[in-house]
Amino acid sequence: MMDKTFNPAEAEARIYADWEESGAFKPKDDPNADPFCIVIPPPNVTGRLHIGHALNNTLQDVLIRYKRMLGDSVLWQPGTDHAGIATQMVVERQLAERQEPSRRDMGREKFLERVWDWKAESGGQIMTQLRRLGASCDWSRERFTMGEKDAENDQMQAAVMKVFVELYNQGLMYRGKRLVNWDPKFETAISDLEVENIEVDGHMWHFKYPLAGGKTYTYVEKDADGNVVLEEERDYISIATTRPETMLGDGAVAVHPDDERYAPIVGELCEIPVGPKEHRRLIPIITDEYPDPEFGSGAVKITGAHDFNDYEVAKRNNIPLYRLMDTRAAMRADGAPYAQCAEQAMALAKGADLPSEAEVDAINLVPENYRGLDRFEAREKIIADITAEGLAVMVTPEAKDVDEDAPQPVPYVENKKIQQPFGDRSHVVIEPMLTDQWFANAGELAKEAIAAVEDGRTTFHPKNWEKTYFEWMRNIQPWCVSRQLWWGHQIPAWYDEDGGVYVAESEEAAIAQAGGKKLTRDPDVLDTWFSSALWPFSTLGWPENTQELERFYPNAVLITAFDIIFFWVARMMMQGLHFMKDENGKPQIPFKDVYIHALVRDEKGQKMSKSKGNVIDPLELIDEFGADAVRFSLASQAGQGRDIRMSKQRVEGYRNFGTKLWNAARFCEMNECAVPAGFDPKTVSQTVNKWILSEAQATVAAVEKGLAEYRFNEAAAAAYRFTWNIFCDWHLEFAKPLLQGDDEAAKAECRATTAYVLDIALKILHPFMPFVTEALWEQTGQRDTHLIVADWPRLEGLDDAAAQSEMDWLISVITDIRRVRAEMNVPAGAQLNAVAVGASGEIAGCIERNRPLIQRMARLAEITLGDSVPPASAQTVIGETTFALPLEGVIDFGAERERIAKELKKLDGEITRLEKKLGNEKFVANAPEAVVAEQREKLGDYTAQKAKMAEALSRLEQA
RNA sequence: GGGCGGUUAGCUCAGUUGGGAGAGCAUCUCGUUUACACCGAGAGGGUCGGGGGUUCGAGCCCCUCACCGCCCA
C-alpha cells in the first residue's frame with residue numbers, strides 16, 4: 001500500500017542518484033536520433049542558486065526532459081563561470097574580514113592560489129543545488145570558463161587564447177589609450193554594460209572664465225522673437241558644470257558655431273578660474289556642434305580625459321587630454337610640480353604641437369594644494385576657492401525667499417537631477433578615465449550577428465526581443481575586454497622593452513616572435529564575458545574538432561533572461577558566427593532559438609536583491625514543498641513577456657497538485673489498475689474509456705504545442721487541468737462504478753484504460769515534476785526503464801466526438817443537479833429521486849447507459865423517465881430535457897421561484913443579445929457563415945431552454 | 001529625450017489569426033461519500049486604466065491621455 005502523500009525529502013535524492021547512475025543524463029549514442037543541445041548559462045562558480053537560476057534551469061530541464069522522452073539525443077551541457085570581478089571581490093573581502101594581507105600585499109600568484117582554493121571550497125555548491133532542482137545535466141561534461149587549475153594545454157584556456165590571438169591577427173583586437181569607464185573601487189576598467197546610470201540629485205555650478213588679458217565683449221541675449229533682453233559688457237565667459245573638479249583638466253571652452261552671443265570671442269583664450277594665481281592656465285574658446293545653446297550658458301568646458309562627450313569634442317579639435325586622477329579616483333599626486341606642468345599645458349594651448357599621448361598623460365595639472373585629495377573633496381575645495389575669489393556667477397534671490405529686505409547675491413547653483421554612472425558591482429561612481437586597454441572591434445563582429453537574426457537563422461522568442469537586440473547591435477561600441485584584475489584569463493600579449501607587442505597563444509610562441517627579446521606579459525585579464533561568449537562551442541571541445549562539436553553545434557536553443565541579452569547572447573552570436581564555420585566556410589550560428597524568459601520578482605514586484613533582503617531562496621522552498629512544486633510553480637508562471645512574482649502560496653498549491661496526482665495513483669493501485677500486455681487503447685468499448693482517451697490525446701497535443709512554442713505556462717496548464725479537472729475530478733469518479741461493479745469485462749477494460757491514462761499523465765507531467773512522477777512510475781507498474789527515458793506518448797486515432805459529447809452532456813446533468821441541490825439547501829446526504837421529462841429516445845438512451853453514474857455522482861436514489869413534472873419539484877433544464885427533483889416537504893417554493901427567475905433573467909439577457917445581433921443585417925451579411933450559424937444555434941438553444949424554464953416556473957406558480 | 005512592456009475578479013496572473021472574459025489563491029455556503037481535508041460539491045465577484053476611432057462586432061487592431069516598470073541616451 002502506498003503512503004498517503006509523497007515525501008520529497010526522502011525520495012528526491014534517491015531518485016536523482018538513480019537517474020545519474022543509470023546514465024540517463026548522457027546523450028544517447030544513436031546516430032539516427034536528432035541532436036538536441038542546450039548549454040547552461042553558466043552560473044558564477046562560487047554563487048548560490050537563486051530563484052532566477054531556478055526558473056532558468058527549470059525551463060531548460062523541461063525542454064531537455066521532453067526532448068529526451070521524444071527520443072532525441074539530448075545534451076544539457078553544464079558548467080560554471082569564473083566571474084572575474086565578482087569572485088575576486090568576494091575573496092578580497094574575505095581577506096579583509098580575516099585581517100589577512102591584502103591582495104596587493106600578497107602578490108598575484110599567492111592571491112590566485114587563494115581564489116582557486118575558494119573555488120574548490122564553494123565551487124561545487126551551485127551544481128549540487130541544481131541537482132536538487134532536478135536538473136538533468138550531463139555532469140560528466142561539466143566545464144569551467146577558466147578551465148582546470150594548473151592544467152597543461154587546457155582546452156577551455158586554449159579556446160580563449162586562440163580566439164584572442166586570431167582576432168588580433170585579423171585586426172579585430174587592438175590596444176590603445178581610450179577613455180573608458182573606470183571603477184575606482186576595483187581599480188579596473190569596465191565595459192559600458194557594467195555601468196548603471198542612476199538619476200541622483202546633483203548640482204550645476206556656474207563659474208566665470210575670465211578672458212585673457214582683461215579683454216571684454218558685448219554679451220547680448222535675445223528672446224525667441226529676437227528682442228534683446230540682456231546686453232552687457234563682459235570680461236568673462238560663463239560656464240556651467242556639474243563636475244567642478246574636472247576644470248583643472250580643461251583643454252578648451254566650446255560654444256556652438258551658430259551661437260551669436262559668443263561669436264565675438266571665439267578664438268580667444270580664457271582663463272580657468274582655479275589654481276595658483278601666478279600659473280593660471282589659459283585655454284582656447286572653440287566652436288563645435290556639441291554644445292547646446294539652450295542648455296546652461298551655452299558654453300561648455302572641454303575636459304577630454306574625464307567626460308565621454310568632451311572626449312569626442314577634444315579628439316575632433318585636437319584638444320589635449322589631461323588626466324587628473326589616479327586609479328582610485330584621487331587627484332593625481334605624481335609627476336612634475338604644478339608650475340612646470342601648467343607651463344607645458346600653456347604652450348599647447350597657444351598652439352604648440354601636441355606631443356605623444358604618453359607625454360601628455362605625464363602632465364599633472366592638479367595644483368599642489370589639491371594633489372592626493374579624493375575627487376569629491378577636491379570638488380568642494382575648488383568650489384570654495386573659486387567662490388572666494390569672486391569668480392562664481394552670482395544671483396540675487398527673490399526678496400521673499402530671504403529674511404533681509406535687501407537680499408545679498410549668492411553663488412548661482414542649480415539643483416538638478418543628473419545621471420550618474422555607478423559600477424554595477426562596486427556601486428561607486430564610475431570615472432571616465434584615459435587608460436591603455438584592449439578593445440575588440442565589436443562593430444565588425446556585429447555585422448554577421450545582426451544578419452543572422454535578420455534572416456531568421458536565429459530566432460528570438462518572444463520575437464520582440466529582437467528589436468532590443470538589433471537596437472544595441474546596430475549601435476555597438478568597441479568592447480573594452482581588458483580588466484585590471486588578477487582573476488581571469490591573462491591576456492596573451494607580451495611586450496618588449498621598446499614597447500613592441502607580441503600576441504601569441506603561448507609564451508614560447510611570443511618569445512619566438514620577438515626573436516628572443518626579453519618580454520613581459522600584459523598583467524591584465526580578459527572580461528569574464530569574453531570567455532563565456534565562447535561557451536556554446538568551447539564546452540563542446542573547440543578548438544579540437546570533437547564529435548560533440550560536430551553533433552551539437554549549433555545548439556538547439558538558448559534559454560536566458562533578458563538582462564543578459566547584451567552581456568552574453570549578443571557576444572555568443574558574434575563569437576560563434578566568427579569562429580564556427582561549416583565546410584564551405586559559412587558562419588554557423590551558436591543556437592537556432594533564443595528563449596527569453598522573465599525576471600523573477602518578489603510578491604511586491606520588486607527585483608530581488610540581497611541588499612533589499614527580499615530574496616526568496618529556492619532551496620528553502622524545495623525543502624518545504626519539494627522540487628516538483630517549485631518547478632511547476634515557475635513553469636506555470638513563465639508566460640511570455642511578463643515578470644514573475646513568486647509567492648509561497650502558489651508553490652503550496654502545486655505541492656497539493658503533486659499530492660492529488662499521488663492519490664490518484666494510489667486509487668489506481670487500490671483498484672488494481674494495470675496496463676495488460678498488448679493493450680490497444682483503440683479497442684476500448686466503454687464510452688467513459690473512449691472519452692478519457694480522447695481527452696488524453698487532446699491534452700498531449702496541447703502540451704506538445706505549448707512546448708514547441710515555448711509557452712511553458714500553457715503546456716503546464718494543459719497537463720494540470722487534464723490531471724486534476726478531467727482525470728481526477730471526472731474520470732476516476734466515472735470509473736468507480738465500473739471498477740467496483742460486477743461486469744468483469746468492463747472492469748478489466750476500465751482498469752487497463754485508467755492505468756494507461758495515468759501513465760500518460762505521468763509522462764506529460766514528468767518534464768515539469770520529474771520526482772513525483774518518477775516515484776509513481778516506479779510504484780504503479782512493472783517498468784523496463786525509468787520514466788526519465790520512457791517514450792513520450794504518441795497518441796493517434798483516439799479522438800472520439802461521440803464519446804466527448806455524451807460525457808459532456810453527462811457532466812452538465814450532474815453539475816446542474818448538484819447546483820439545484822446546493823441552491824435548494826438539500827442536505828448533502830439526502831438521496832433524491834429525479835424524473836427526466838421530455839427526454840428524446842437518444843437522451844433516454846444516454847440516461848439509461850449512464851444511470852449508475854448520474855445516480856452516484858448527483859446523489860440520486862433513482863432516476864426515471866416521465867411525462868410530467870411531479871408536484872413540488874425543483875427543476876433544471878439540460879438541452880431539451882427537464883430534470884425534476886420532487887422535494888415534497890423539503891422544497892421552499894419561494895426559493896425555487898427565485899432561483900428559476902434568476903436563471904430566466906440570465907437566459908433573457910443572452911437571448912436579447914443574440915436576437916439583436918442576428919437582427920443586424922450587416923452582421924448576417926458580413927460575419928463568416930460559421931459564426932452566424934453558431935450564433936443561431938445558440939439562440940435556438942437558449943430559446944428552447946427559456947421555454948422549458950418558463951414552464952417550470954408556471955408549474956410552480958400553480959402549485 | 002528615445003525605445004520596449006504593463007494596466008483584466010480582493011490578490012497573482014492567463015486570454016495566440018477580433019465573434020460577449022478564464023485559472024490559482026482568497027471569500028461565503030455545504031460536506032468526512034474509504035484515492036486525496038495538501039480533499040470534494042456549490043456560490044458570489046470584472047462597464048478588461050480613461051477617452052476617441054476602425055469594424056456588423058474590440059480585452060484583442062489604430063489614435064490619444066493617465067499611471068507603473070524596464071532598457072538606452
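Read the figures in this text as sums done on the coordinates, not as results from a lab. Given the structure is predicted, the values throughout are model-derived calculations rather than measurements. Heads up, the Cβs are rebuilt from the backbone with ideal geometry, glycines too, and the neighbour counts pull from every protein chain shown.
So how much slack lies between A:Asn464 and A:Asp816, counting 0.36 nm per residue of separation and subtracting their Cα-Cα distance, in nm? Length difference between fully extended and current span is 122.2 nm. Using a Förster distance of 41 Å, how high is the FRET efficiency between A:Val615 and A:Tyr174, based on the Cβ-Cβ distance and rounded to 0.05? Efficiency, from the Cβ-Cβ distance: 0.50.
Classification of the range A:464-549 by its C-alpha gyration tensor yields an oblate form. The axis ratio a/c (a ≥ b ≥ c) is 1.5 or more, and b/c is at least a/b. Each residue, A:Asp941 and A:Asp292, gets one label point 7 Å from its Cα in the Cβ direction; the gap between the two is 6.1 nm. Going from the residue with the fewest nearby Cβ atoms within 10 Å to the one with the most, A:Cys673, A:Cys750, A:Cys480 rank A:Cys480, A:Cys673, A:Cys750. With helices as the sole contributors, chain A gives -13500 deg cm²/dmol at 222 nm; each DSSP H run of n ≥ 4 counts as -39500 (n - 2.57), and the sum is divided by every residue. Helix A:442-454 and the longest principal axis of the Cα set of chain A meet at an angle near 20°. Seen from A:Lys301, the other residues with C-beta closer than 11 Å to its C-beta sum to a net charge of -2, counting Lys and Arg as +1 and Asp and Glu as -1. Here the relative contact order of chain A, from alpha carbon pairs under 8 Å that lie six or more residues apart, stands at 12 percent. In a fully extended conformation the segment linking A:Arg48 and A:Glu508 would gain 161.7 nm over its present Cα-Cα distance, using 0.36 nm per residue.
Is the shape of chain A rounded, prolate or oblate, going by the alpha carbon gyration tensor and its root eigenvalues a ≥ b ≥ c, with a/c under 1.5 for rounded and a/b larger than b/c for prolate? Verdict is prolate for chain A. The value of relative contact order for the range A:299-376, using C-alpha pairs under 8 Å at least six residues apart, is 34 percent. For chain A, the longest principal axis of the C-alpha atoms and the axis of helix A:338-349 are separated by about 80°.
Computed on the Cα atoms alone, the convex hull of the range A:810-959 gives a volume of 112 cubic angstrom per residue.
Exposure proxy ranking for A:Thr303, A:Thr327, based on other Cβ atoms within 10 angstrom of each Cβ and starting from the fewest, stands as A:Thr327, A:Thr303. In the range A:246-284, which residues have a backbone nitrogen under 14 Å from the label point lying 7 Å from A:Asn369's Cα in the Cα-to-Cβ direction? In the range A:246-284, the label zone of A:Asn369 (backbone N under 14 Å from the point 7 Å along Cα→Cβ) covers A:273-280. Only the Cβ atoms of Lys and Arg (+1) and of Asp and Glu (-1) were treated as charged; on that basis the dipole of chain A about its Cα centre amounts to roughly 1980 debye.
Peptides A:776-789, A:412-425 ranked from most to least packed give A:776-789, A:412-425, packing being the mean of other C-beta atoms within 10 angstrom over each peptide's residues. Taking 7 Å steps out from each Cα toward its Cβ at A:Glu709 and A:Ala830 produces label points 4.7 nm apart.
The residues neighbouring A:Tyr654, those whose beta-carbon lies less than 9 Å from its own, together hold a net charge of +1 under the Lys/Arg +1, Asp/Glu -1 convention. Summing charges over neighbours of A:Thr539, with a neighbour being any other residue whose Cβ is under 10 Å away from its Cβ, gives 0 when K and R count +1 and D and E count -1.
Under 22 Å from the Cα of A:Lys917, which lysines turn up, not counting those fewer than eight places away in the same chain? List returned: A:Lys905, A:Lys906, A:Lys938, A:Lys946. Here the relative contact order of the range A:749-867, from alpha carbon pairs under 8 Å that lie six or more residues apart, stands at 20 percent.
Shape call for the range A:87-154 from the C-alpha gyration tensor, a ≥ b ≥ c root eigenvalues: rounded (a/c under 1.5), prolate (a/b greater than b/c) or oblate?
Working: a/c = 4.16, a/b = 1.67, b/c = 2.48.
Oblate is the answer for the range A:87-154, as a/c is 1.5 or above yet b/c matches or exceeds a/b.
Round to the nearest 10 and give me the degree value, 0 to 90, for the angle of helix A:627-636's Cα axis relative to the longest principal axis of chain A. Taking Cα atoms only, the helix is inclined about 80 degrees. Placing dummy labels 7 Å off each Cα toward the beta-carbon, the span from A:Lys4 to A:Thr396 is 8.8 nm.
Computed from the C-beta positions of A:Ala927 and A:Ala801 and an R0 of 35 Å, the FRET efficiency is 0.90 to the nearest 0.05.
Listed by Cβ neighbour count within 10 Å, with the fewest neighbours leading, A:Met646, A:Met2, A:Met394 appear as A:Met394, A:Met2, A:Met646. Going 7 Å from the Cα of A:Ile564 along its beta-carbon direction, which residues of the range A:510-533 have the amide nitrogen within less than 13 Å of the resulting point? So the set is A:528-533. Would you mind getting me the FRET efficiency between A:Ser102 and A:Glu221? Use the beta-carbon distance for r and R0 = 45 Å, nearest 0.05. With R0 = 45 Å, the Cβ-Cβ based efficiency is 0.20.
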